[in-house]
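Before we start, here is the structure in question, set down as structure tokens.
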Amino acid sequence: MTFDFSRPCVMAILNATPDSFYADSRTSDTTAIERRVKECLDEGADLIDIGGYSSRPGADEVTPDEEWRRVERALGTVRRLAPHMPVSVDTFRASVVERAVGRFGEVIVNDISAGELDPAMAATVARLGLPYIIMHMKGTPQTMQSLTDYRCDIVTEVCDYFRRRTGELTAAGIRPEKIVLDPGFGFAKTLEQNYELLAGLHRLCALGFPVLAGVSRKSMIYKLLDASPADALAGTVALGWEALRQGATVLRVHDVREAADTLRIFGAYERNRKEP
């Protein structure tokens, strides 16, 4: 699959789950999935990210078969409505990747564990030659928020982690140009650590891989504002702009039109910005 992650793009979230943290993003039946896919297309998504396992803090365990049932229904809908739309599958399970590729052809793999929750994942991605988005997280969705202690500043630790992990993955046969980094905002990080990580995002971008920013409606916004995910759109746009300014190229979002507008405005700004 050819997809240029080096240029700014909008990744639309399609949660084929009943329990994602942002209630308005849940699409657990075919009608809701069709509506969401059409919305993503109309509002300017560059690719769609399908998840069948909620990774919110404390999320319930989901069996591989149930996760696949959800992913299959959503992925089938995307392929029917938009056969050429690039699709990523948000999973840490190699078996789900295998089934997705076997049923629908190549996909992008978006793995919250960077291959550390399933020992078969790296070899599977390498064998299939798939693009691979790897995220920084400690523990699992059930335990991660109890694992927020870091031996040094969080930016250094996240950068060191990706230096090590990308080396391991390339040694396993995954081509470097297939790898995208996700710092994992909200995953095993306190509110303050999220902002420290955002402030140092340029250091992660300097590692030489495309960087994905997933801040959409997250608790680092709504908890800071004493609000709820439903009230976090303005904050999402603000943090998305800052991520782009520091070098991130992928905005993973619930609100596609607003993110697409942000990219257009940021592009105009960059084209006309004069160096001091």
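Looking at the square roots a ≥ b ≥ c of the eigenvalues of the Cα gyration tensor of segment 52-203, which shape do they give, rounded for a/c under 1.5, prolate if a/b is larger than b/c, or oblate?
On the way: a/c = 1.94, a/b = 1.49, b/c = 1.30.
Cα axes put segment 52-203 in the prolate bin.
Quick one: accessible surface of S55, probe radius 1.4 Å, all protein chains present, in square angstrom to the nearest 10.
The accessible area comes out at roughly 30 Å².
Count neighbours as other Cβ atoms within 10 Å of each site's Cβ, and list the trypsin sites (Lys or Arg not before Pro) in segment 214-276 that are DSSP loop with at most 11 such neighbours.
Details: sites: R217, K218, K223, R245, R252, R257, R264, R271, R273, K274; in loops: R217, K218, K223, R273, K274.
Those that pass, being in a loop and sparsely packed, are R273, K274.
What is the local net charge at R69, summed over the other residues whose Cβ is closer than 14 Å to its Cβ (Lys, Arg +1; Asp, Glu -1)?
Values: positive: R70, R73, R93, R99, R103; negative: D29, D65, E66, E67, E72.
Every neighbour counted, the sum reads 0.
What dipole magnitude, in Debye to the nearest 20, does segment 156-236 give about its Cα centre under +1 on Lys/Arg Cβ and -1 on Asp/Glu Cβ? All intermediate terms of the calculation are to be shown ahead of the outcome.
Values: 10 positive and 9 negative charges, 52 e Å.
So the dipole magnitude of segment 156-236 works out to roughly 260 debye.
Here's another thing I want to ask about it. Using the heavy atoms of the protein chains and a 1.4 angstrom probe, tell me the accessible area per residue for segment 75-126 in square angstrom.
Working: 1790 Å² over 52 residues.
On a per-residue basis, segment 75-126 sits at 34 Å².
Once you order the gyration tensor axes a ≥ b ≥ c over the Cα atoms, which shape class does segment 145-276 get: rounded for a/c under 1.5, otherwise prolate or oblate by comparing a/b with b/c?
Values: a/c = 1.77, a/b = 1.16, b/c = 1.52.
Cα axes put segment 145-276 in the oblate bin.
With every protein chain present, what accessible area does E192 have (1.4 Å probe, heavy atoms only), rounded to the nearest 10 Å²?
130
Just to verify a number: FRET efficiency for W241 and D60, C-beta to C-beta distance, R0 = 41 Å, to 0.05?
For R0 = 41 Å, the calculated efficiency reads 0.75.
Ignoring ligands, DNA and RNA, what percent of the accessible area of the chain is carbon or sulfur (1.4 Å)? Please list the in-between numbers first.
Numbers: 6010 of 11780 Å².
C and S fraction of accessible area: 51 percent.
The values are calculated or read from the model by the stated rules, or taken from the named source; none is laboratory data. Please read all numbers here as calculations on a predicted model, not as lab measurements. Neighbour counts run over all protein chains shown; Cβ positions are idealised from the backbone, glycine included. Keep in mind that these areas ignore ligands, DNA and RNA; they rest on the heavy atoms of the full protein, side chains included. Shrake-Rupley method; radii C 1.70, N 1.55, O 1.52, S 1.80 Å.
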